[in-house]
Every structure is written in structure tokens, then in C-alpha cells.
1. With just the Cα atoms defining each centre, how far is region B:288-313 from region B:156-197? Give it in Å.
2. Suppose a student asked you for the relative contact order of region B:1-104, using Cα pairs under 8 Å spaced at least 6 residues apart; what percent would you report?
3. Give the peptides B:204-217, B:126-139, B:101-114, A:85-98 in descending order of average Cβ contacts within 10 Å, highest first.
4. One-quarter of the Cα convex hull surface for region B:1-122, in nm²?
5. Can you pull the mean other chain C-beta count within 10 Å for peptide B:349-355?
6. Nearest 100 Å² is fine: how much accessible area is buried between B and A, summed over both sides, with a 1.4 Å probe?
7. Rounded to the nearest 0.05, what FRET efficiency do B:Ala27 and A:Gln95 give with R0 = 60 Å and r taken as the Cβ-Cβ distance? Could you check?
8. Evaluate the charge dipole of chain B about its Cα centre and quote only its size in Debye, nearest 20, assuming +1 on the Cβ of each Lys and Arg and -1 on the Cβ of each Asp and Glu.
Amino acid sequence: MSAGEAYSEEVRRLFREAPAAGRAAGAGWVAAEATEPLTGTRVRWHLRSEGGVITDARYQVRGCPHTVAAAALAAAALKGLPIGAAAIDFAAIAQRLRAPAAKRGRFFVIQDALHAALLLFDAPSA
Amino acid sequence: MAGSGEAIPRIYLDNAATTPLDPQVRAAMLAALDACAGNASAMHAPGRRARERIEAARADVAALIRAPADSIVFTSGATESDNLAILGGARGNRARGRHLVSLRTEHRAVLDACQALEREGFAVTLLVPGPDGLLDPAALAAALTPKTTLVSVMLVNNETGVVQDIAALAAVCRARGVLVHVDAAQAAGRVPIDVGALDVDLISLSAHKVHGPVGVGALYVRRTPRPTLEPLQYGGGQEGGLRSGSLAAHQIAGMGEAFRLATADGERESARLQGLAERLWTLLEGLGGVHLNGHRTRRAPHIVNVSFEGVDGEALLLELEGLIVASGAACSAESGEPSYVLRALGRPDALAQASLRFSLGRFSTAADVEAAATRVRAGLTRLRGLAPP
């Protein structure tokens, strides 16, 4: 089958372009990762904050096209959010991307990695 | 087989799923549609013409597996053949015992038929092959009990291409008086099949895996000793009472022509496919972090199943848009589970999920193989670059 037929235009575009994908390091940056072994999905967030606000978000991802697209949307949504209120509505993202029900579990990997990264802002080393 | 008129040239390497209809097969089907207006069961002239076409096709199908023509029962495809063999064989011999043996790596047509029998009170043992996909005859012997009546093992695995040593496995069963069924849907036209040498009772065959039409298949049923099979459907008593229903002369004529072509050119074509498959594997292996699934040498010439480290299989499939291959990932996303066949071989979930099956056919070319490897290299590089280290 042609894999492309299973995805919306937006998923295909975000998967192809993967905006804000990549790693980052340096002052103000934290990074954390989550994994789901059954599908091998891995997500690593790189977040930077200034004055308690997220100013930049990058991600690295080994996952299906829906996961890549969801991470891209989450990265865009994170910028400008206060660290303490950096909640992403992954249910809305799933709906927007028309992700099948079986795929939505993979979005928890994005969420888990994000939570782990946000916690690092509170850690003394951050 | 690159097409035109699309932004991304398509390369079809999913011949294990289905093969493009051969033009000669199409011509034979059209001729049969024109010539065979009668019901093959009728005695009048149009009926006799239809029957003649069907019997000629029966002989062509039988010739590919070196069987007598009257051992061939036409069905709607390999799935029905598997069901007739397994359900019919088990039910027809239930007075002797209610135990069957098969493998975890079989096609769903076999596994689901076994599961249906379990609901009827039969016991089913599903053996796990070695990491190379091969079943040890000693393991089969150990699984047989005095109540075992049927063993079902496929000749060529549809995902990995691994070729079982059916003759050795059948010898184990023969010594115990156990019927042997072989799903040879992937084997026909790709590896030699000689029913005399294999010494098995039942063989499932499919037309559309051999450049024939979808919707027709066959079950080889040994003549002597004839295994007892309970039919799955009743009616006009066609096909020796094993498969009632008016025969579709044009479909059967297509299958006959497909098998005739495969017999005529089988050896040369297999050697050509093997050369292409070897080239493909060499190119893919050079990419690094790549694993061939299944035995290195005991494999059909047309299937190369590969797992890729560091990427998601479904993402790779989309990345390779235009390259038509099968994925170990559940692209339909109904289950989200990796390939059960590769998991049974002990592949970790992440690798089972990140696998692609490249399968070649009559219209595959060296250029297809080179282009496929080039696209995989580019896709793999981008996706590995996206992933965490």
C-alpha cells in the first residue's frame, strides 16, 4: 500500500518538514526523554526558558508520522507558555491530526518526555 | 516496474502481497469469458467448452507441482484452500483424534482456522521456529501425540521468505500417520514443488501470487491414500464434492495460464529474482544497522525482509512514498502491533516494527532495485537524523 494514503495533508507536511526538530544545548536549556518499548517510540525534548517562560522548544523523535507531527505542533504551542502552566492538549492535537485511536497512546510518550523536561526547570542544576 | 504520470515514480516491490496480472493471463481470461458462456457442469456444447478450459487449466496447475490433474480442487484462493485443508481435515478425521500442530509464523488463514477449531474443542499446538525461521523436525516430532491428525506448515513464509524443509517435516508425520498440509501460496513459481518428493497430503495454491487473477486458488489433495476431508460448503457436488458451486471458467483459465507460464520459465526466473534479491540485500546491508530477517540462505528468491535500527517502520514507509513495499508496522494503525512473525523469531519489538519486506516479481528490474536502495538510504538518513541519539 502507499503509506501516504493513511495520513492527512497536515500530517504529511509536518512529517516532511519536521519544523523545530533537532537538539539544542547551552545556558537555559534542559533536555529529557521518554520511551515506549512496544513500538520503539522515543521522544526527547529540549526546552529553553527565560524568566519562567518557555522561549524555545526543540524535539528529537523516533516515531510514526503522527508522532512526529504531534511533536511539531506541541513544540510550536510551547513557546511563550509559563513553565508552571505548560500544558499541551494532546487530545486536541490528536483530533486535529485525525490520528487513529491506536496511535493516541504514542502521544503519551511526547507528553511524558515533556513533563520530565519541565521538571528539570525546577531542579537545582537547571 | 516504474510507472509514469505521478510526481514520485512508483516502484512496486510488494509482489508477496499480490502480483500484477501478466498480459498473457489477461488474454487467456478474456478468451475464456468470450468462449465459455455455459455452466461447466452442463452437458450441452457451451458447458463442455467451459469444462474443457477448466480441465486444461487443472492440468497446468497440477504440472507446476508435478501432481496428477485430478488431485487439484479449485477454490476461491489460498485462504479458502487453507480453511478447507485445516477445518475439513480436522473435522473429517475427528474420530481418530482432535489435536493439530502448526507454527506461530503461519499465515492468518491458517492461524485463524486453527483458532476456530479450538472453539470446537480441538487442541492446537503452535510451535515456535528457531530465530532463523526454520522448524526443527525433532521439535515437530516432540509435539505430535497419538491424537494428532493434522500438521500445517507453510513452504515459504510470506513475510520472511524462509523455506521450510517440508520433506523432513513430512517424514516425521508420515511415520505417525498424521496428515500434512502445506500452504505453498508464496512458493509456487518461485521454488520447485514436487508433491512426490515432499510426500504431503494437501497443498494450498493461489493464482494472484503468480501473476494470475485474484479470486481463484486451488487445493492439492493427494490421490492415494486420499485424505478424508469434510467439505466447507454443500450444493452441486462440484470438485469431487469438496467444493460445491459453479466453477468460474475465466478465473480458472487465468490461473491455468499463470501456472503454465510459471512452469515454463520457473527456473530461469527464480535465478533472475535471486540475483536481484542478492543485489538489494548487498545495497541495504551497506547502510549499517540493518538486519536480514530469516535464514540467510534457505529462503525464497523473491523476498528480502529487513529490519532497520533507529527508525520507526511506519515513518520509513511514508518517507519512501512511491516505493511500494510492505511494513512490519501496522500502517493501518488498527492494531499498532509489530509483525507477529518477526516477534515469533525473537526480534525485539522495535526492530520488528521497523522492518520492510521487499518482494520481487516478474516485472521487477535491476533499475527498480537500485532505485529502491537509493530511496531507502535517503529516508534512513533523514529519519535517523531526527531521532534521539
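The values are calculated or read from the model by the stated rules, or taken from the named source; none is laboratory data. All figures in this text were calculated on a predicted structure; none of them were measured in a lab. All Cβ positions, even for glycine, are placed from backbone atoms using ideal geometry, and neighbour counts span all protein chains on display. Remember, those area values only see protein heavy atoms, side chains included, never the ligands or the DNA or RNA. Shrake-Rupley method; radii C 1.70, N 1.55, O 1.52, S 1.80 Å.
1. Answer, in whole Å: 22.
2. It rounds to 9 percent for region B:1-104.
3. Working: B:204-217: 26.9, B:126-139: 17.2, B:101-114: 21.9, A:85-98: 15.1.
Final packing ranking: B:204-217, B:101-114, B:126-139, A:85-98.
4. Quarter of the Cα hull surface area: 12.4 nm².
5. Whole-number average of other-chain Cβ neighbours for B:349-355 is 4.
6. Between B and A, the summed buried area is about 2400 Å².
7. According to the calculation, E is roughly 0.75.
8. 860 debye
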